[in-house]
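The values are calculated or read from the model by the stated rules, or taken from the named source; none is laboratory data. A quick note: this is a predicted structure, and the numbers were derived from the prediction, not measured. Backbone-built Cβ (ideal geometry, glycine too); neighbour counts: all protein chains shown. We work out accessible area using only protein heavy atoms, side chains counted, and drop any ligands, DNA or RNA first. Shrake-Rupley method; radii C 1.70, N 1.55, O 1.52, S 1.80 Å.
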Amino acid sequence: MRLTTISLLVAAIPAIGLAACSGDKTAAGEAAVATPVETLRSRLLAIDSCSGVMFGHHDDPVYGYTWTGDTGRSDVLEVVGDYPAMMSWDLGAIELGRDNNLDGVPFDRIRAEVAAQDARGGFNTFSWHLYSPVDSSDCWTIGDSLTVQRILTDSVVHAAYEHQLDRVADFFNSLTDADGNKIAVIFRPWHEHTGGWFWWGRPYCTPDEYRELWLSTRRGLEERGVDNLLYAYSPDRVTSEEDYMERYPGDDAVDIMGIDIYQFDDAAGTDTYRRAAELGLSVVCEAAAEHGKIAAFTETGLEGLRMDDWYTTVLLPLLKAHPVAYVVVWRNSQQKPGHFYAPYPGHPSASDFKKFYDDSTTLFVNNLK
Ligand code: BMA
């Protein structure tokens, strides 16, 4: 039913929009000759130009509110009968040579799930909560407020960072499908840099240092043969387009313009969140149109979902007003009680999430087939 609705909705827009909105992968036309990353870009651009928004969930198929490590499960799947269109992952701890990421997810499992999602016709995006190349402290510990500067100028720290990039590059280069072709994914490094909670945040480096950090990361990965990434820029909440662009690394270094904005304070925080998201998403959509980029709501959510109708009364209207290519909500953690963002079977907002799923605006993986 929804596919028909989506097809009708996009019937009036150019053929490429019709292709992605109706989920016809082959109708991306040039897919037969394009590289994986070019195909990824054209599919995302097509979705961005239609009124549908793909739903994404962090760590969706590897653990849920009451389970961990099972295969073939997903809280989202168990509530609506469909997987998210976008799977979100984190690389944190790969730079230390560990087998599991900072939240305990084995990288081998992530690799397999990326391939499974790709085979379904879905998408994958990666953030990187990396440990410091100065002293291996985690990204929230601001032990050294000059870490970014040291990565750029101190030869010992720079070498340590280069070693971190080796491991990241090995991982991205290892993402292949059943035919051995590389799988293209989104990489969203150095996120939420307008805040002060990560050591790469605004208080701890200049705009030029931030840009140079970004450029050297992209250059470093490319030098290591990583050619399967689209790079997403994702500040936390901003006050204006100028603010959003303050540390923008440049059109040659960014493919997706996104923003991370969460709702805090349960229902009492709704108005504040709506205002911040209205502003942030307007800025993102305008900037993406000006710069010819894909627009995305790279992270959002209400921790603990203590509003039974948050998805249809708060998030959905924002997505209808600002139809970005995709929206990602964060993980359903068991390690941190109450730290979940998608409903699970039996949660009071499960029926509301089903309505969100049934709405013609939202795209899940079956809509991409
Ligand atoms: C944060 C929290 C952390 C987690 C990190 C990376 O927002 O969920 O517990 O380690 O993301 O996934």
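Please specify each residue of the stretch 204-217 satisfying the condition of being within 17 Å of Asp243 (Cα to Cα) and either open to solvent by 20 Å² or more (accessible area, probe 1.4 Å) or of a type outside the set (A, V, I, L, M, F, W, C) (or both). Before you say what the answer is, go through the steps one by one.
First, pick out the residues of the stretch 204-217 that are within 17 Å of Asp243 (Cα to Cα): 204-211.
Answer for the stretch 204-217, where residues must be within 17 Å of Asp243 (Cα to Cα) and either open to solvent by 20 Å² or more (accessible area, probe 1.4 Å) or of a type outside the set (A, V, I, L, M, F, W, C) (or both): Tyr204, Thr206, Pro207, Asp208, Glu209, Tyr210, Arg211.
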Practice prompt. Would you tally the residues in the stretch 83-108 being more than 14 Å from the chain's Cα centre (by Cα), closer than 16 Å to His57 by Cα and free of Cβ contacts under 8 Å to residues at least 60 places away in the same chain?
Written response: 1
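So which of Gly201, Gly220, Gly196 is closer than 21 Å to Tyr131 by Cα, of a type outside the set (Phe, Trp, Tyr), at pLDDT 95 or above and open to solvent by 20 Å² or more (accessible area, probe 1.4 Å)?
Just a single option satisfies the conditions, and that option is Gly196.
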Item to complete: Kindly indicate whether any position in the stretch 324-335 is hydroxyl-bearing (Ser, Thr, Tyr), away from the ligand (no atom under 16 Å from the Cβ) and within 19 Å of Leu368 (Cα to Cα).
Response: yes
Worksheet item: Exactly one of (1) in contact (Cβ under 8 Å) with a residue 40 or more places away in the chain; (2) on the phi > 0 side of the Ramachandran plot is unmet by Gly304. Its number?
Response: (1)
Fill in: First in the stretch 121-147 and closer than 30 Å to Asn366 by Cα, second anywhere and open to solvent by 10 Å² or more (accessible area, probe 1.4 Å) and basic (Lys, Arg), Cβ under 7 Å, 6 or more apart
Gly121/Lys25; Gly121/Lys369
Worksheet item: Could you list, in sequence order, the residues of the stretch 85-95 that are open to solvent by less than 10 Å² (accessible area, probe 1.4 Å) and within 16 Å of the ligand (Cβ to nearest atom)?
Response: Met86, Met87, Ser88, Trp89, Asp90, Leu91, Gly92, Ala93, Glu95
Discussion item. Out of Arg109, Arg150, Arg120, Arg98, I need the residue that is more than 18 Å from Ser333 (Cα to Cα), within 15 Å of the ligand (Cβ to nearest atom) and open to solvent by 30 Å² or more (accessible area, probe 1.4 Å). Which one?
Written reply: Arg98
Worksheet item: What number of residues in the stretch 166-189 are closer than 19 Å to Ala253 by Cα, out of contact with any Lys or Arg (no Cβ under 7 Å at 6 or more places or on another chain) and aliphatic (A, V, I, L, M)?
Response: 4
Worksheet item: Which pairs have Cβ atoms under 7 Å, sit 6 or more apart or on different chains, and link a residue in the stretch 331-355 that is at positive phi and of a type outside the set (Phe, Trp, Tyr) to one that is within 16 Å of the ligand (Cβ to nearest atom) and modelled with pLDDT of 95 or more?
Response: Gly338/Glu303; Gly338/Gly304
Worksheet item: Within the stretch 46-79, which residues are away from the ligand (no atom under 16 Å from the Cβ), of a type in the set (Asp, Glu) and either in a loop (DSSP other than H, G, I, E, B) or over 20 Å from Asp352 (Cβ atoms) (or both)?
Response: Asp48, Asp70
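Among the residues of the stretch 12-32, is there at least one that is assigned to a helix (DSSP H, G or I), within 30 Å of Leu165 (Cα to Cα) and at pLDDT 95 or above?
Keep residues of the stretch 12-32 that are assigned to a helix (DSSP H, G or I), which gives 15-21, 26-28, 30-32.
Pick out the ones that are also within 30 Å of Leu165 (Cα to Cα) and you get 31.
Next, only the ones that are at pLDDT 95 or above stay: none.
The answer is no, given that none of the residues of the stretch 12-32 is assigned to a helix (DSSP H, G or I), within 30 Å of Leu165 (Cα to Cα) and at pLDDT 95 or above.
Looking at this structure, is Asp144 open to solvent by 10 Å² or more (accessible area, probe 1.4 Å) and under 24 Å from the mean Cα position of the chain (by Cα)? Break it down stepwise before answering.
Details: open to solvent by 10 Å² or more (accessible area, probe 1.4 Å): yes; under 24 Å from the mean Cα position of the chain (by Cα): no.
No; evaluated as a whole, the condition is false for this residue.
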Worksheet, complete the sentence: Exception for Leu229 within (1) of a type in the set (A, V, I, L, M); (2) in contact with a helix residue (DSSP H, G or I) (Cβ under 9 Å, 6 or more places away or on another chain); (3) open to solvent by 20 Å² or more (accessible area, probe 1.4 Å) falls at (3)
Worksheet entry | Hits in the stretch 123-134 (condition: surrounded by fewer than 24 Cβ atoms within 10 Å (Cβ to Cβ) and more than 16 Å from the ligand (Cβ to nearest atom)) | Pro133, Val134
